[in-house]
1. Residues in the range 81-94: is at least one surrounded by fewer than 17 Cβ atoms within 10 Å (Cβ to Cβ) and touching a helix residue (DSSP H, G or I) at 6+ places or on another chain (Cβ under 6 Å)?
2. Answer with yes or no whether GLY70 is modelled with pLDDT of 90 or more, of a type in the set (Gly, Ala, Ser) and either out of contact with any Ser or Thr (no Cβ under 8 Å at 6 or more places or on another chain) or within 19 Å of GLY40 (Cα to Cα) (or both).
3. Looking at (1) touching a residue at least 40 places away in the same chain (Cβ under 8 Å); (2) in a strand (DSSP E or B), which is the one condition that is false for ARG65?
4. Name, by its number, the condition in (1) open to solvent by 50 Å² or more (accessible area, probe 1.4 Å); (2) free of Cβ contacts under 8 Å to residues at least 40 places away in the same chain; (3) touching a helix residue (DSSP H, G or I) at 6+ places or on another chain (Cβ under 8 Å) that does not hold for SER3.
5. Inside the range 11-70, can you point out the residues that are closer than 15 Å to ASP86 by Cα, open to solvent by 30 Å² or more (accessible area, probe 1.4 Å) and aliphatic (A, V, I, L, M)?
6. Tell me, which residue of the range 147-184 that is in a loop (DSSP other than H, G, I, E, B), open to solvent by less than 60 Å² (accessible area, probe 1.4 Å) and farther than 17 Å from ILE74 by Cα is modelled with the highest pLDDT?
7. How many residues does the range 186-199 hold that are open to solvent by less than 30 Å² (accessible area, probe 1.4 Å) and either more than 19 Å from SER67 (Cα to Cα) or touching a His at 6+ places or on another chain (Cβ under 9 Å) (or both)?
8. Please find, within the range 136-146, the residue that is modelled with the highest pLDDT out of those that are of a type in the set (A, V, I, L, M, F, W, C) and loosely packed, with under 13 Cβ neighbours inside 10 Å.
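The values are calculated or read from the model by the stated rules, or taken from the named source; none is laboratory data. It should be emphasised that the depicted structure is a prediction, and the values quoted were computed from it without experimental measurement. Glycine gets a Cβ as well: all are built from the backbone with ideal geometry, and neighbour counts include every protein chain shown. Only protein heavy atoms, including side chains, enter the accessible area calculation; ligands, DNA and RNA are left aside. Shrake-Rupley method; radii C 1.70, N 1.55, O 1.52, S 1.80 Å.
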Amino acid sequence: MSSTASILQLLPDIPYFRDQSEEVLLALAATASQQKYGEGAVIFLEGEPVSGLFLIEAGTVKISRVSREGREYILHLIGAGDTFNDVAVLDGGPNPATATAYTDVRVWCIKRDDLKRIAGLYPELNWAFVESIARRARHLMGVVEDLSMRSVRGRLAHLLLEQAKAFEGDEVPRMLTQEEMASRLGTVREMVGRALRALASDGIIEFDRHRIVVVDPERLAEEAEA
């Protein structure tokens, strides 16, 4: 498949561009450049000048920030069909977080100047960008709620439910280490390990090799809302 055909196949799967005309999609495809990163490679760093809008074609990207003490907090793990660095490309500020290839990834990048020019030619794009920012705001509100209103056990239950839903079943692959879970949940690895053992002891989850199996999804949902 040619690079042009590849990006044209991807664009309609991106929420921004799902309802855009073929003319808009062709204009975007003409400016997008494909980039490939191996697992663990840094795509861009927090605080650097805006790198552009990134569209994920394949693989998983980790979006994270690091505190002054050197502790990492994982904001998102996102996959094919998702975008990242939306805020920086829209306001022109520096990258607000670090993007790392969690697995081998293929991404497309559209530079800020190109996106501004195309949005000027096709005003219908502007509302799509507004909706995207609203979705990001909702996500951040959920993060704040998790950190302020849920215990570690409740936040962990919520994460396990999200992971099970993402994989469309009751089995959660051990995609995240306990350290990574802690980074997602704003806590430390020891607390995550204790909460996992407690959920298993209560018969809500069980461990099967490299997977976590949700034995009682209703009780896990209750824990997530506690």
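1. There is at least one residue in the range 81-94 that is surrounded by fewer than 17 Cβ atoms within 10 Å (Cβ to Cβ) and touching a helix residue (DSSP H, G or I) at 6+ places or on another chain (Cβ under 6 Å).
2. no
3. For ARG65, the exception is condition (1).
4. Just one mismatch for SER3, condition (3).
5. Listed by number, the residues that qualify are LEU45, VAL50.
6. The extreme case among them is ARG150.
7. 5
8. Result: ALA137.
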